[in-house]
Amino acid sequence: MTERARSRVDCHVKVLDDQVVERAKRAGLDAIVYAPHFTRYPEIQQEAETYSSDELLVVPAREVFTGPWHDRKHVLAIGLEEPVPDFITLEAAMAEFERQGATVLAPHPEFATMSLAESDLHRYRETIDAVEIFNPKHLPWDNREARSIAESLDYPPFTSSYAHLPRSVGVCHTAFDVPIETEADLRDALEDGVARRIVYDNGLERVRTTARELGHLVYENTWEKTDRFFLQGLEPTHPHHIAYDGRFEDAAVY
């Protein structure tokens with residue numbers, strides 16, 4: 001297909017407002033996948049619908065935090081029919097994604113203590129649809145390892161800005177060789193292994209993005225985590241929250 005026909009998607013962002021939408025449009029994106037932390041899925045869906053337009057598709061998703069705090073494994077799910085909480089076992093999350101027929105992505109594999117390991121990717125080969133091979137929050141050797149893992153296990157690749165800050169949106173994207181105008185189009189492209197290119201810039205702006213996002217990661221895992229655990233009470237995506245009606249009590253890790 002021609003460059004003009006290719007659909008450009010930032011497959012994972014954490015922020016969404018008018019500034020983010022304008023930045024995504026300036027970057028030439030056709031779609032973004034919106035999956036904020038600790039936000040219940042119905043709220044994510046509502047926000048995504050509010051900011052979607054003919055110019056930019058916003059696809060709702062959930063990055064579910066599985067496992068205990070010292071061995072956290074993040075999994076990104078698109079197309080959920082029912083909410084899935086954080087802080088449940090990886091096994092329970094994967095079983096629920098499979099039951100709901102969700103599209104399942106592996107963000108930032110083998111990164112720090114918050115990612116799926118190569119052994120997990122091998123174990124859930126029939127459930128996971130694509131593996132992220134470039135993330136601007138990674139250092140170069142992290143991206144090389146992610147690419148190597150995806151290639152060795154024959155996973156289709158994707159990339160995302162993993163933007164926790166509006167300025168990061170669109171710094172890289174996945175270019176699919178099919179038109180993507182709906183959530184179903186994106187899910188089909190990811191699940192069917194449609195031809196794609198991983199597009200990013202390794203220049204100075206990428207270095208600045210990495211520095212900014214790593215700085216935010218430190219904040220997120222120090223003051224923000226303290227505030228959330230000790231000052232705000234039970235997270236809305238905790239399995240013990242009343243919204244889940246006790247369905248995930250047995251799968252909760254704490």
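Using the Kirkwood radius over C-alpha pairs as Rh, can you work out the diffusion coefficient of the stretch 123-190 via Stokes-Einstein at 37 °C, viscosity 0.692 mPa s, in µm² per second? Mind showing how you got there, number by number?
Numbers: Rh = 13.3 Å.
Answer, rounded: 247 µm²/s.
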Students often check this: by mean Cβ neighbours within 10 Å, which of 174-180, 193-199 ranks highest, and how do the rest follow? 174-180, 193-199
What does the accessible area per residue of the chain come to in Å², with a 1.4 Å probe and no ligands, DNA or RNA counted? 45 Å²
For a quick protection proxy, order the peptides 125-136, 11-22 by their average other-Cβ count within 10 Å, most packed first. 125-136, 11-22
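So what is the relative contact order for the chain, in percent, with contacts set as C-alpha pairs under 8 Å and at least six apart?
Numbers: 502 pairs, mean separation 55.4, N = 254.
For the chain, the relative contact order is 22 percent.
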Give me the angle, in degrees from 0 to 90, between the Cα long axis of helix 140-152 and the longest principal axis of the Cα atoms of the chain, rounded to the nearest 10. 90 degrees
Phi-based couplings in Hz for the stretch 237-254 (Karplus 6.51, -1.76, 1.60; Gly and Pro marked x): 9, 6, x, 7, 5, 4, 4, 9, 6, x, 5, 10, 4, 6, 9, 5, 8, 6
The stretch 1-51: radius of gyration and largest Cα-Cα distance (Dmax), Å: 12.2, 39
Would any residue of the stretch 74-100 have its amide N under 13 Å from a label point 7 Å out along Cα→Cβ of Asp245? List them or say none. 82-83
Quick one: angle between helix 204-220 and the longest Cα principal axis of the chain, in degrees between 0 and 90, rounded to 10, please. 10 degrees
For the stretch 73-88, just list the computed ³J(HN,Hα) in residue order, Karplus coefficients 6.51, -1.76 and 1.60, θ = phi - 60°, integers in Hz, with x standing in for Gly and Pro. 10, 8, 9, 9, 10, 10, x, 5, 9, 9, x, 10, x, 7, 6, 10
Backbone HN-Hα couplings from phi across the stretch 7-14 [Karplus 6.51/-1.76/1.60, Hz, Gly and Pro as x]: 9, 9, 10, 8, 7, 5, 10, 9
Angle between the Cα long axis of helix 41-51 and the longest principal axis of the chain, 0 to 90 degrees, nearest 10? 30 degrees
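The values are calculated or read from the model by the stated rules, or taken from the named source; none is laboratory data. Everything numeric in this text was worked out from a predicted model, so none of it was measured. Glycine gets a Cβ as well: all are built from the backbone with ideal geometry, and neighbour counts include every protein chain shown. Please note that ligands, DNA and RNA were not included when accessible areas were found on the heavy atoms of the full protein model with its side chains. Shrake-Rupley method; radii C 1.70, N 1.55, O 1.52, S 1.80 Å.
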